[in-house]
Amino acid sequence: NTDGSVTVALSPIVSTSQTLKKGDTKDIYAMKFQAIAGKVAINRVDVNFSVRPWLIASQLVLKNSNGTVLATKTLSSSADATEIVAGSDYAVRFDGLNEIVTPGADTNLIVSISVPASNSFVGTTGYTTVYATVKTNGIRTINGKGYTDSIGIQSTVTSGNVLTMSSTGNTADLSVTLAPTAPGTAPININSTGADKTGVTLAVYRVRSSNQPSTLNTLLFNIKT
């Protein structure tokens with residue numbers, strides 16, 4: 001029952017300019033909310049694109065800075081977006097939200113995009129540079145007294161974040177690290193009882209593939225003895 005209000009601005013936790021490869025899933029837009037005088041709920045967010053979003057992406061996700069997914073939007077056809085200006089402005093809506101902004105604590109919301117690994121539009125003429133933004137009045141809020149408000153960040157699509165769509169480079173990024181269950185760096189005695197032990201774990205590796213699936217076909221390791 002408080003008459004709170006909320007402001008929104010671009011959050012620095014996501015770069016305003018980045019390159020997207022085929023198969024990428026990346027955060028492309030971030031908003032920072034600050035409430036005044038009382039809690040305010042965010043119940044709708046529209047994200048605008050300068051191209052037809054269903055031709056370059058398969059999914060959009062709205063999440064908070066803790067990684068909690070608030071809403072997911074599948075993009076498969078023109079029915080999944082609203083045409084504002086033919087060929088240059090399309091809105092994707094996340095609705096039914098109830099993200100609470102509390103005075104004294106910033107709330108960050110992040111938009112993530114998934115680019116299909118096989119896509120004939122990505123990086124082609126007209127789909128090389130894409131703008132993404134949350135336009136003025138693109139966010140709907142409601143406070144404790146039931147008053148609604150519409151806020152936003154940028155007035156035009158082309159003033160938003162710049163996404164450079166790459167037509168190549170759709171390869172996987174492979175990372176290899178020691179797993180938490182690895183035995184550590186201390187010497188491992190394999191002959192303490194006068195007979196060789198069997199099944200001794202020397203190392204445990206964590207292999208992770210990003211952007212694309214990977215096939216591990218060679219593992220080379222060195223032994224000094």
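The values are calculated or read from the model by the stated rules, or taken from the named source; none is laboratory data. Every value quoted in this text rests on a predicted model; they were computed, and no experiment measured them. Heads up, the Cβs are rebuilt from the backbone with ideal geometry, glycines too, and the neighbour counts pull from every protein chain shown. The protein model used for the area step is the full one, side chains on, heavy atoms only, and it has no ligands, DNA or RNA in it. Shrake-Rupley method; radii C 1.70, N 1.55, O 1.52, S 1.80 Å.
The selection criterion, being assigned to a strand (DSSP E or B), over 29 Å from Thr128 (Cα atoms), in contact (Cβ under 8 Å) with a residue 24 or more places away in the chain and of a type outside the set (S, T, N, Q), does not hold for Ile84.
State yes or no: is Thr164 within 22 Å of the chain's Cα centre (by Cα) and open to solvent by 20 Å² or more (accessible area, probe 1.4 Å)? Talk me through it step by step, then tell me what you get.
Details: within 22 Å of the chain's Cα centre (by Cα): yes; open to solvent by 20 Å² or more (accessible area, probe 1.4 Å): yes.
Considered against the rule, which asks whether it is within 22 Å of the chain's Cα centre (by Cα) and open to solvent by 20 Å² or more (accessible area, probe 1.4 Å), Thr164 comes out as yes.
Annotation for segment 170-184: no member residue is buried (at least 18 other Cβ atoms within 10 Å of the Cβ) and closer than 24 Å to Asn66 by Cβ. Of all residues in segment 9-59, which are outside any strand (DSSP E or B), of a type in the set (A, V, I, L, M, F, W, C), open to solvent by less than 20 Å² (accessible area, probe 1.4 Å) and under 21 Å from Val85 (Cα atoms)? Scanning segment 9-59 gives Val51, Ile56, Ala57.
Every test in (1) more than 23 Å from Gly160 (Cα to Cα); (2) in a strand (DSSP E or B); (3) open to solvent by 50 Å² or more (accessible area, probe 1.4 Å); (4) not aromatic (Phe, Trp, Tyr) is passed by Asp3 save one, and that test is (2). Do we have Ile113 as touching a Gly at 6+ places or on another chain (Cβ under 6 Å) and at pLDDT 95 or above here? No: the conditions fail for Ile113.
Within segment 127-154, the set of residues being surrounded by fewer than 13 Cβ atoms within 10 Å (Cβ to Cβ) and outside any strand (DSSP E or B) comprises Asn137, Lys145, Gly146, Tyr147. Checking Thr74, Thr148, Thr141 one by one, the residue that is farther than 24 Å from Ser17 by Cβ and touching a helix residue (DSSP H, G or I) at 6+ places or on another chain (Cβ under 9 Å) is Thr74 and no other.
Per-residue answers, yes or no, for (1) of a type in the set (A, V, I, L, M); (2) farther than 17 Å from Gln59 by Cβ; (3) at pLDDT below 95:
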site: Ser118; (1), (2), (3): no, no, yes
site: Phe121; (1), (2), (3): no, no, yes
site: Gly144; (1), (2), (3): no, yes, no
site: Ile153; (1), (2), (3): yes, yes, no
site: Asn161; (1), (2), (3): no, yes, no
